[in-house]
Amino acid sequence: MREVAVIGVGQSVFGKLPERSPFELGQEAVMAALKDANVSPEEIPVGYCSRLYFDTAVSGQNILARVGIHNIEVVNVENACAGGSTSFRGVWKDIASGLYDIGIAIGVESMTTSPIAHKMIPPGKEDLEGQLGITMPAIFSILANRYMEQYGATVEDFAQVSVKNHHHGCLNPYSQYKKEFTVEEVLNSRMIADPITLLECCPNTDGAAAAVLCSMDRARRYASTPIKVAATVLLSGDYKHLNDDMLFSVLGSKAAKMAYEMAGIGPEDLDVVDLHDAFAPEEIFRYEELGLCPRGEGVRLLNSGATALGGSIPVNTGGGLLSLGHPLSASGIRQIVELALQLRGQVGARQVPNAKVALAHMLGGSVPSLDAGACGIEILTT
């Protein structure tokens with residue numbers, strides 16, 4: 001397998017943008033990535049596009065046609081929140097195998113025009129837990145309460161995740177929300193599923209992101225400092241009723257171990273991390289699954305300041321899903337954008353000094369029970 005590099009990244013502004021079609025958002029991201037890579041549309045022979053909520057089919061073809069890319073191989077994928085990671089890995093595989101030398105990965109979503117924003121879709125007959133009201137916020141409510149009982153965490157600890165990530169988001173011009181919050185303001189926002197409040201939930205968001213990948217031997221034609229894809233892993237499964245501990249994702253932990261092995265590093269070598277934080281308590285769970293700290297030590301890691309800008313292992317420096325927003329299929333590629341720019345030293349006030357190794361983690365699942373899911377992990381290095 002050949003070494004593969006990221007040579008260009010781009011994204012649209014994230015926000016509630018119902019007046020803009022997914023194709024417009026995708027076009028903005030693709031044009032930004034091509035410009036960043038110094039690559040012309042005619043040089044792209046393959047593209048992968050991830051999108052979950054469709055009002056028009058063949059999203060990738062529609063987006064690429066807008067920038068003058070025609071008559072190439074285009075693959076459209078859906079993998080819940082891990083769709084962007086799946087799109088990225090698809091392009092990586094095609095280049096690593098030698099099938100192509102260059103390609104583009106796209107993620108796009110319009111959540112404000114999606115069925116979940118406009119239709120009350122009742123759970124199916126087979127979805128017993130859905131019939132009982134076990135929605136995504138409710139699931140993470142159960143996990144948060146269990147974590148408090150088992151490890152002594154407090155609601156203030158969970159709120160601190162939101163405070164941290166909203167602070168990071170204020171430093172990101174692409175973030176949906178650029179507002180500082182206190183712990184008290186987070187806790188006093190509307191209760192969604194006890195103990196999770198409104199400001200501890202990621203918002204509905206529209207947006208797109210794109211990344212241009214290239215074989216390493218060709219990458220230096222375009223970029224003086226190409227970013228190496230040291231690892232990319234995609235796993236599916238994670239049947240909760242088979243896990244020994246409901247607080248610990250075997251899927252995420254296994255994917256992380258595989259990624260570390262592929263990259264030849266350990267969690268102690270990471271300089272910056274971007275992980276799935278759809279609900280504030282979730283970020284703490286993911287610290288432990290990624291090996292950033294031992295089981296049960298996530299709150300201690302958070303409260304030490306290690307995961308904030310200026311700490312030893314900053315997490316979600318762009319604002320995370322909580323502040324930047326979560327257009328589901330775009331988020332995995334958006335993480336690549338943030339981390340590639342971090343490794344280049346190009347993110348201004350939110351820059352992690354001397355960042356050389358970065359990890360992206362994106363988890364996708366469905367109710368009931370999150371019994372079907374996918375986890376994508378990428379490690380990028382300079």
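Each value in this text was obtained by applying a stated rule to the coordinates, not by laboratory testing. Please read all numbers here as calculations on a predicted model, not as lab measurements. Counting neighbours? That spans all protein chains shown, and the Cβs are built from the backbone with ideal geometry, glycine included.
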| task | Measure nothing fancy, just the Cα-based angle from helix 155-169's long axis to the longest principal axis of the chain, in degrees from 0 to 90, nearest 10. | result | 30 degrees
| task | Please give the contour-minus-distance gain from Ile142 to Arg300: 0.36 nm per residue of separation, less the Cα-Cα distance, rounded to one decimal in nm. | result | 54.8 nm
| field | Residue (of Leu213, Val58, Gly107) at the positive-pole extreme of the chain, dipole from beta-carbon charges | value | Leu213
| request: Just report the Cα centroid separation between the range 166-197 and the range 230-289, whole Å. | output: 24 Å
| field | Evaluated over the chain, the Cα radius of gyration and Dmax, each in Å | value | 19.4, 57
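Given the rule -39500 (n - 2.57) for each run of at least 4 DSSP H residues, summed and divided by the residues of the chain, what is its mean residue ellipticity at 222 nm, to the nearest 500 deg cm²/dmol?
Values: 14 runs with 136 residues, N = 382.
Helix-only estimate at 222 nm: -10500 deg cm²/dmol.
Regarding the range 210-347, what whole-number volume in Å³ per residue does the convex hull of its Cα atoms give? Show your work: numbers first, answer last.
On the way: hull volume 17.6 nm³, N = 138.
With only Cα atoms used, the range 210-347 gives 128 Å³ per residue.
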| What angle do you read, to the nearest 10 degrees and between 0 and 90, between the alpha-carbon axis of helix 280-289 and the longest principal axis of the chain? | 70 degrees
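Looking at the range 1-101, which GluC sites (Glu not before Pro) are DSSP coil and have at most 13 other C-beta atoms within 10 Å of their C-beta? Walk me through the intermediate numbers first.
Values: sites: Glu3, Glu19, Glu24, Glu28, Glu42, Glu43, Glu73, Glu78; in loops: Glu3, Glu19, Glu78.
When the GluC sites (Glu not before Pro) of the range 1-101 are filtered for loop state and at most 13 Cβ neighbours within 10 Å, Glu19 remain.
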| query | the range 301-382: which trypsin sites (Lys or Arg not before Pro) are DSSP loop and have at most 14 other beta-carbon atoms within 10 angstrom? | reply | Lys356
| field | C-alpha long axis of helix 22-37 to longest principal axis of the chain, angle in ° | value | 60 degrees
| How far is the Cα center of the range 67-112 from the Cα center of the range 40-58, in Å? | 7 Å
| Quick one: His167, His70, fewest Cβ neighbours within 10 Å first, how do they rank? | His70, His167
| request: Determine ³J(HN,Hα), in whole Hz, for all residues of the range 185-199 in sequence, where each value follows from phi through the Karplus function 6.51 cos²θ - 1.76 cosθ + 1.60 and θ = phi - 60°; x replaces Gly and Pro. | output: 5, 5, 5, 8, 6, 4, 6, 9, 8, 3, x, 8, 9, 4, 7
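Going by C-beta contacts inside 10 Å, put Cys375, Cys214, Cys293, Cys170 in order with the fewest on the left. If you can, show how the numbers build up before the last one.
Numbers: Cys375 30, Cys214 27, Cys293 20, Cys170 17.
Taking fewest neighbouring Cβ atoms as first place, the list is Cys170, Cys293, Cys214, Cys375.
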| said: Given Cβ point charges of +1 (Lys, Arg) and -1 (Asp, Glu) and nothing else, what value in debye, to the nearest 20, does the dipole of the range 234-299 about its Cα centre take? | reply: 260 debye
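Among Lys35/Lys164; Lys164/Lys254; Lys35/Lys179; Lys35/Lys228; Lys179/Lys228, which pairs are too far apart, with a Cα-Cα distance over 22 Å? Before the final figure, lay out the partial values.
Values: Lys35/Lys164 32 Å; Lys164/Lys254 27 Å; Lys35/Lys179 30 Å; Lys35/Lys228 19 Å; Lys179/Lys228 34 Å.
Beyond 22 Å: Lys35/Lys164; Lys164/Lys254; Lys35/Lys179; Lys179/Lys228.
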